[in-house]
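**Q** Below is the structure I would like to discuss, written out as structure tokens.
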Amino acid sequence: MTTGAPTPTYPARPRRSRLRTWLPLGIAAWLVLEIWLLTVVADASSGLVVLLLLLAGAVLGSAVIKKAGRRAFQNLNEALQRGGSPSRGGGNGLLMLGGLLLMLPGLISDAVGLALLVPPVQKALGRYTERTLERKLRTASPGSLGDAFRQARIHRPDGKVVRGEVIRDDEPGDAQPGPRPPLTR
């Protein structure tokens with residue numbers, strides 16, 4: 001039975017991004033591959049060898065993360081004492097990612113984590129990431145996160161803040177005696 005009222009048309013659902021579609025499948029395949037490789041190594045040698053490999057990866061990964069975090073904190077501390085902003089990350093992020101991958105149980109993640117500890121790999125991956133991020137920010141639509149970053153760079157291109165005091169000399173004869181109050185927002 002029809003009532004004569006038009007059926008409502010709902011807007012089409014937005015398409016899922018490729019990342020959202022393939023990421024769960026990729027993680028599941030990675031986990032299955034890690035488990036399979038661990039069983040192959042355990043069959044070839046022994047379970048004790050696999051356990052020692054996993055423990056060594058966890059210890060090495062935690063040491064790398066601790067060292068990278070300490071270096072990042074020292075860089076930040078030195079920059080704040082100079083009164084400037086911290087310089088480029090220097091690969092601390094990739095070092096921490098490598099340490100995290102070493103800490104995860106599995107031989108593939110250990111291999112990728114060890115590769116991230118090699119300085120030429122860090123430089124190449126850092127350049128690639130920077131170029132990709134710049135390209136994404138350039139092509140970002142207005143009102144998006146990329147547009148906000150672009151606007152921030154326009155207003156503060158180098159990020160430096162010059163501290164000082166503004167003194168007006170509108171009329172030289174109207175100088176007020178005594179100290180001036182600090183300028184704050």
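The values are calculated or read from the model by the stated rules, or taken from the named source; none is laboratory data. Note that the structure is predicted; figures quoted are calculated from it, not measured. Methodologically, a virtual Cβ is constructed for each residue, glycine included, from the backbone with ideal geometry; neighbour enumeration extends over all protein chains shown. Ligands, DNA and RNA are excluded from the accessible area calculation, which covers all protein heavy atoms including side chains. Shrake-Rupley method; radii C 1.70, N 1.55, O 1.52, S 1.80 Å.
**Q** Residues to consider are Ala152, Ala115, Ala111; find the one that is out of contact with any strand residue (DSSP E or B) (no Cβ under 6 Å at 6 or more places or on another chain), surrounded by 10 or more Cβ atoms within 10 Å (Cβ to Cβ) and either polar (S, T, N, Q) or modelled with pLDDT under 85 (or both). I'd like the intermediate steps shown before the answer.
**A** Details: Ala115 fails: either polar (S, T, N, Q) or modelled with pLDDT under 85 (or both); Ala111 fails: either polar (S, T, N, Q) or modelled with pLDDT under 85 (or both).
Among Ala152, Ala115, Ala111, only Ala152 is out of contact with any strand residue (DSSP E or B) (no Cβ under 6 Å at 6 or more places or on another chain), surrounded by 10 or more Cβ atoms within 10 Å (Cβ to Cβ) and either polar (S, T, N, Q) or modelled with pLDDT under 85 (or both).
**Q** I need the full set of residues from segment 10-43 which are under 17 Å from Ala111 (Cβ atoms) and either open to solvent by 90 Å² or more (accessible area, probe 1.4 Å) or charged (D, E, K, R) (or both), in order please.
**A** Within segment 10-43, Val32, Glu34, Ile35, Trp36 meet the criteria.
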